[in-house]
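> Next up is a structure, given as structure tokens.
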Amino acid sequence: MQTAIALLDLDYFYAQCEELRKPKLIGKPVVIVMPSIRENSGAIATANYLARDQKIKSGMPLQLAKKLANNDTIFINADKGYYKEISSKVFEIIDFFCDKVEQVSIDEAYLDLTSPLGVEKAEDTCIKIKEKIKRELGLTCSIGLSTNKLIAKLGSNEKKPDGLFILYDNFEKFLGKKKIRDLFGVGPKFEKIFKSHGINKISDVKNFKKEELIEWFGKAKGEDFYNFSNGVDERVVEPNREKQQVSRMITLRVDSRDSELILEQINLLSDLVFIEASKTHKKFKTASLVIVNSNFDTVTKSKSKNEINSIEKLIEIEKILLHEFLDESLSKIRRVGVRVSNFEEGKGIQKTLFEFKSG
Ligand code: TMP
Ligand code: CA
């Protein structure tokens, strides 16, 4: 089956968050420091592009970065609480468009966009996610879109910042130019082994047999590296985020204000949404009606209750919301959607994911 997998990565994330709350920083080299308990020591968490031009990089000791910096380079201590808040808002937007999201760090996630909209809509979804993150939060991100995680991740770096890179075929040509270190799972130790066999670029792997890689790295890794170097990656997106909302939308056959006709669709959508939301085994309190009118404007109306514990209750609220909409607006309805959200708090795994994992 054809798949569509995207890797979304916020650009120079911590530094971009600082630029967001202090716009005066824009246009200046900005470096974010993880302070250490020793005075005047620490490591660089990230740097914006102007600071990267000064050869300042993530992971570098503070002292070295200070030597490379100019007088106008600004050093800021990391404020992880603030970055986590921004990250949550970004993920709310991602969750709105995709329900198969694997968060890999505070600013990075894989999205399986294969369904329900289909592979053809994946590019459009990526554009919409980028636009919404920019419009509502003022942040840029870069996305790689492909059929697998490997190419999606490498692709996300191709057009940074604010890039969208799409590649569904010709992986061989794309991978050919990349260094062996770029292959997923190849760190300094494995890079050394590859180099000892004269492999510097991914394309060099094709001079060797799969059996030889298995000999050097063991069965599992040897096979993976062999497959990856040919652009083959079977790893699936493993959703690890708790559902924040469940929604379904439908386009009406013709634009309409006929409440009976629209309610028919709302009943169907409510059924689907309620069943899907019940799978979380959590209570939910908010129901929303999402309307796209003939001018393509989106209007969302919501109501919260102590608990929405039956399909009938959900439909009843949606009905009220529809009548409110029809009373307030003169426009015809093009698309209609039902959404539930405000799930009861649960024990998520998100917290641990926020701890930055290197490599
Ligand atoms: P980025 O800045 O390249 O977008 O990386 C994402 C965030 O992860 C970054 O803003 C800070 C954090 N980070 C570290 O703390 N240490 C590191 O070595 C890297 C690469 C990132
Ligand atoms: Ca990033």
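Every residue, every condition in (1) surrounded by 14 or more Cβ atoms within 10 Å (Cβ to Cβ); (2) closer than 22 Å to Glu324 by Cβ; (3) of a type in the set (Lys, Arg), yes or no:
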residue	(1), (2), (3)
Leu213	yes, no, no
Trp216	yes, no, no
Glu223	yes, no, no
Val236	yes, no, no
Leu263	yes, yes, no
Val290	yes, yes, no
Phe296	no, yes, no
Lys301	yes, yes, yes
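> Are any of the residues in segment 148-160 within 24 Å of Phe296 (Cβ to Cβ) and more than 16 Å from ligand 2 (Cβ to nearest atom)?
No, because not a single residue in segment 148-160 is within 24 Å of Phe296 (Cβ to Cβ) and more than 16 Å from ligand 2 (Cβ to nearest atom).
> Another question about this same structure. Residue check, Gly42 against (1) over 30 Å from Ile127 (Cα atoms); (2) open to solvent by 40 Å² or more (accessible area, probe 1.4 Å), all met but one. Which one?
(2)
> Which members of segment 1-39 meet the condition of being open to solvent by 10 Å² or more (accessible area, probe 1.4 Å), in a loop (DSSP other than H, G, I, E, B) and of a type in the set (D, E, K, R)?
Correct list: Lys22, Lys28, Arg38, Glu39.
> When you go through Leu117, Leu137 one by one, which is the residue that is within 20 Å of Val273 (Cβ to Cβ) and either within 14 Å of ligand 2 (Cβ to nearest atom) or open to solvent by 10 Å² or more (accessible area, probe 1.4 Å) (or both)?
Leu117
> Taking Phe165, is it within 16 Å of ligand 2 (Cβ to nearest atom) and either in a helix (DSSP H, G or I) or free of Cβ contacts under 8 Å to residues at least 24 places away in the same chain (or both)?
Numbers: within 16 Å of ligand 2 (Cβ to nearest atom): yes; either in a helix (DSSP H, G or I) or free of Cβ contacts under 8 Å to residues at least 24 places away in the same chain (or both): yes.
Against the criterion (within 16 Å of ligand 2 (Cβ to nearest atom) and either in a helix (DSSP H, G or I) or free of Cβ contacts under 8 Å to residues at least 24 places away in the same chain (or both)), Phe165 qualifies.
> In addition: May I ask you to say which residue of Ile127, Ile143 is under 24 Å from the mean Cα position of the chain (by Cα), modelled with pLDDT of 95 or more, on the phi < 0 side of the Ramachandran plot and part of a helix (DSSP H, G or I)?
Details: Ile143 fails: part of a helix (DSSP H, G or I).
Residue meeting the stated conditions: Ile127.
> To continue, here is another question. Could you list all residues from segment 103-127 that are within 15 Å of Leu10 (Cα to Cα) and away from ligand 1 (no atom under 14 Å from the Cβ)?
The answer is Tyr110, Leu111, Cys126, Ile127.
The values are calculated or read from the model by the stated rules, or taken from the named source; none is laboratory data. Here the structure is a predicted model, which means the values were calculated and not measured. Note that each Cβ is placed from the backbone with ideal geometry, even for glycine, and that neighbours are counted across all protein chains shown. Accessible surface areas use protein heavy atoms only, side chains included; no ligands, DNA or RNA. Shrake-Rupley method; radii C 1.70, N 1.55, O 1.52, S 1.80 Å.
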